[in-house]
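The values are calculated or read from the model by the stated rules, or taken from the named source; none is laboratory data. Being a predicted model, the structure only gives us computed values, none of them experimental. Note: ideal-geometry Cβ built from the backbone for every residue, glycine included; neighbour counts use all protein chains shown.
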């Protein structure tokens, strides 16, 4: 069947209006050497044939593996109510309205999201979300340089390597100096980090828990940095804030993170959302949109977009960010998820993740030739040292029905035998015990 919706008469009329004689004439300005020889488009298929083909492709992706992979994206349980509420037409079809004040319900939802992020992080103000955690971290770095006018960024190696790669990509054409400080025993090397902070440093970037799952209190680093006029940026795993010290309690200046774990499915990598929150004094340096609450002339509560003049569609080259839009539906899922859990529910969820991770460490510690780094406090993710290459072990464990973790050798030279294992509330005690038994069988075979 032909997927082109236009009739021959419509195509003829469009070509006449454009002043060209044929479809080839539309592309006459492209040199022949740059034109594709063929688009290699297969012949048309019926609807049934297309559905069968898509099912065949989908079947090649295994969905039965028991997941112990984390590395910044986590398999958390999503209550059915999240899908039910966010699928309501008034939410699902509303997106970045150009007459926003007419969409009071949608604006209130985003306002509630911002409020939830502020409560979660103990920060003063949040925007209406960004694309993902890595984008949010880059935007925080740019925000810091707008605040103090400096051009040097110091990044702890414990920051997610995906985010690090994204930052390098974004700044590749900018005259900036970015310094990465290697970790020491999976945690920030305080001596090296502090010695690298000077009067040219705009910001220091930390992560808690870090990429290796280790938790820390950065209050001492924050205090030292502030004495030198340096902005402190902390990337956080939002679920962990149910039990860990918040960025606000550490006096961090800008907080960012990946919101996938707040009610958004893994979905092979997206769509996700990045959150960003800061102190009130820096609100005009923050990118994106903020929804504010006020009252109308009748004294009724109402919601408006505020400070969006920082965006490129209004301020053009003077904008603080080229990201004009936001992951609005993903942000809605997050606030619905947080509302369903509530304050105490989030704390229970975080504690459950920590407890199960500790149980998993105890089970793996029993296996000969596996080193578990018990001296480092962790949230729900931790590294282990295997007697052979981690990627080889991963392939063997997949055959047994497990996605056993993330092989650190993919990103870190010298860690080819290290595996990063993540535990969430989705993993039962039986899952963990059988996982350890399968790991032992693989290593002893």
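Do the conditions hold for residue 124, that is, is it assigned by TED's automatic domain parsing to the domain that holds residue 329 and surrounded by fewer than 16 Cβ atoms within 10 Å (Cβ to Cβ)? Yes; evaluated as a whole, the condition is true for this residue.
Please verify whether residue 386 is surrounded by 16 or more Cβ atoms within 10 Å (Cβ to Cβ) and more than 27 Å from the chain's Cα centre (by Cα), treating the condition exactly as stated. Against the criterion (surrounded by 16 or more Cβ atoms within 10 Å (Cβ to Cβ) and more than 27 Å from the chain's Cα centre (by Cα)), residue 386 qualifies. Do we find that residue 59 is loosely packed, with under 10 Cβ neighbours inside 10 Å and touching a residue at least 24 places away in the same chain (Cβ under 8 Å) in this structure? No, not satisfied.
Annotation for the stretch 133-148: no member residue is closer than 15 Å to residue 287 by Cα, modelled with pLDDT of 95 or more and not in a helix (DSSP H, G or I).
Does residue 384 satisfy the condition of being touching a strand residue (DSSP E or B) at 6+ places or on another chain (Cβ under 7 Å), on the phi < 0 side of the Ramachandran plot and free of Cβ contacts under 8 Å to residues at least 40 places away in the same chain? The answer is yes for residue 384. Remark: pairs (first residue in the stretch 226-237, on the phi > 0 side of the Ramachandran plot and assigned by TED's automatic domain parsing to the domain that holds residue 193; second residue buried (at least 24 other Cβ atoms within 10 Å of the Cβ) and in a strand (DSSP E or B); Cβ separation under 6 Å; 6+ apart in sequence or on different chains) are absent. Does residue 259 satisfy being under 25 Å from residue 354 (Cβ atoms), under 13 Å from the mean Cα position of the chain (by Cα) and modelled with pLDDT of 95 or more? Yes, satisfied.
Residue count for the stretch 11-31 satisfying the condition of being part of a helix (DSSP H, G or I) and without any contact (Cβ under 8 Å) to a residue 12 or more places away in the chain: 10.
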